[in-house]
Amino acid sequence: MILAGDIGGTKTNLALFEHKNKRLNVIAQHQFSSREFSDLNEVIMLFRQKTSLPSIDAACFGIAGPVIEGRCRTTNLPWDITTSDLKDHLGIQKVRLLNDLEATAYGMLYVPEDEFVDLNPKGRQMDGNRAVIAAGTGLGEAMLYYDGSVYYPIGSEGGHSDFAPLTPQQDALLKWMRNRYPGHVSFERILSGPGIYTLYEFLVENDFSAQPASMLNIPEGKDRSAMVSECALKEHNPLCMEALRLFAEIYGAEAGNLALKSMSLGGVYIGGGIAPKILQILANNHFMNGFLSKGRFNEMLQAMQVKVSLNPETALLGAAYYAHDRL
């Protein structure tokens, strides 16, 4: 029996898996509001009450934050999680912490093929490293290193690397962003949930076009980025459409950067919660235009498979299979 978790700043998903018929099957699963708990052990205790937690053989948790020497101080929560503490709490020795994008990357290996959407019709299946990029609350990046027979997930904090403009419009965007974030403009400032509305503000302040009525007098508490996406996809407003087009172009460019750095001849996976919601924008060449704009390496990138995962629980799946395969 395996206990797996996907721990984020907003929610924590825990699930019990058992191995049957050469695959892992969910026995019990519950979602919790992370901010209602002081630490992960409290969440596990409540999960134990809800499920009468049986004896488990191994546990693995994907966590939004850097994992260093078996310890993670979560990025968006006041939690300090260690493998040693979890071993004591669970009463087992086989416990592993993964960065959430490490878990997502490993989970991509087990997502059914019909839960992917292919963005690159010229991509071909090859053995080799794979790259994973996921825009959601923030921007996550990871790699799957291929040794010729087995894949190993490698986490990173690449989402915090410097934003690099691709076009004159993006040059202007960087200059505008530096006024807002004078210390450092990262890709995550743009390629994230809040980033979509940031792009919208940039276009408004640069007089791209008039704001639509639906974006004026936004009620307090409303998700402004979600409203931009809705305005673009339902109303086809030019300003909101341009914000998503620009988002997709920059998303593709950074995915291409990651593909070059990891030599991901085995393909590129796009995870996170944003991509499935704006899939029609990503599939309309905007993402691939940014992805392929790498000069002399255009041909190499053109041969890579680029796939969007529609599975919202890839990190949980990855944590479970990591525990099964490695622990």
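The values are calculated or read from the model by the stated rules, or taken from the named source; none is laboratory data. What you are looking at is a predicted structure, and each value in this text was computed from that prediction instead of being measured. Glycine also receives a Cβ, built like all others from the backbone with ideal geometry; neighbour counts cover every protein chain displayed. Protein only, heavy atoms only, side chains kept; ligands, DNA and RNA dropped before computing areas. Shrake-Rupley method; radii C 1.70, N 1.55, O 1.52, S 1.80 Å.
Structure above, values below:
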item: Selection status of G272, touching a Phe, Trp or Tyr at 6+ places or on another chain (Cβ under 6 Å) and within 30 Å of D127 (Cβ to Cβ); result: no
item: Some residue of the stretch 94-112 being out of contact with any Gly (no Cβ under 7 Å at 6 or more places or on another chain) and among the acidic types (D, E); result: no
item: Out of D39, D80, D6, D85, sole residue that is acidic (D, E) and buried (at least 17 other Cβ atoms within 10 Å of the Cβ); result: D6
item: Members of the stretch 110-128 found to be in a loop (DSSP other than H, G, I, E, B) and among the hydrophobic types (A, V, I, L, M, F, W, C), listed by number; result: V111, L119, M126
item: Subset of the stretch 42-69 (residues that are touching a strand residue (DSSP E or B) at 6+ places or on another chain (Cβ under 6 Å) and either open to solvent by less than 10 Å² (accessible area, probe 1.4 Å) or within 21 Å of H324 (Cβ to Cβ) (or both)); result: V43, F47, T51, I56, A58, A59, C60, F61, G62, I63, G65, V67
item: Search result, residues across the stretch 81-137 that are of a type outside the set (A, V, I, L, M, F, W, C), closer than 16 Å to R326 by Cα and at pLDDT 95 or above; result: T83, Q93, K94, R96, E102, T104, Y106, G107, Y110
item: S34 being open to solvent by 10 Å² or more (accessible area, probe 1.4 Å) and either out of contact with any Phe, Trp or Tyr (no Cβ under 9 Å at 6 or more places or on another chain) or modelled with pLDDT under 95 (or both); result: no
item: In the stretch 58-68, residue nearest to the chain's Cα centre (by Cα) [restricted to those that are at pLDDT 95 or above and farther than 18 Å from S34 by Cα]; result: A59
item: Candidates M215, M227, filtered to the one that is closer than 21 Å to K277 by Cα, among the aliphatic types (A, V, I, L, M) and open to solvent by 20 Å² or more (accessible area, probe 1.4 Å); result: M227
item: Some residue of the stretch 15-32 being under 21 Å from the mean Cα position of the chain (by Cα), within 23 Å of P112 (Cα to Cα), in a strand (DSSP E or B) and of a type in the set (A, V, I, L, M); result: yes
item: Residue within the stretch 95-109 that is of a type outside the set (F, W, Y), open to solvent by 80 Å² or more (accessible area, probe 1.4 Å), in a strand (DSSP E or B) and more than 26 Å from E299 (Cα to Cα) present; result: yes
item: Test result for I250, outside any loop (DSSP other than H, G, I, E, B), open to solvent by less than 10 Å² (accessible area, probe 1.4 Å) and touching a Gly at 6+ places or on another chain (Cβ under 9 Å); result: yes
item: Odd one out for P238, checked against (1) open to solvent by 30 Å² or more (accessible area, probe 1.4 Å); (2) touching a strand residue (DSSP E or B) at 6+ places or on another chain (Cβ under 7 Å); result: (2)
item: The stretch 129-182: number of residues that are in a helix (DSSP H, G or I) and either open to solvent by 30 Å² or more (accessible area, probe 1.4 Å) or small (G, A, S) (or both); result: 12
item: Pairs where the first residue, in the stretch 103-115, is within 14 Å of G267 (Cα to Cα) and the second is part of a helix (DSSP H, G or I) and of a type outside the set (F, W, Y), C-beta under 7 Å, 6+ apart; result: A105/G318; Y106/G318; M108/T314
item: Some residue of the stretch 75-94 being closer than 15 Å to D6 by Cβ, of a type in the set (S, T, Y) and touching a helix residue (DSSP H, G or I) at 6+ places or on another chain (Cβ under 7 Å); result: no
item: Residue in the stretch 76-88 that is part of a helix (DSSP H, G or I) and under 28 Å from V111 (Cα atoms) present; result: yes
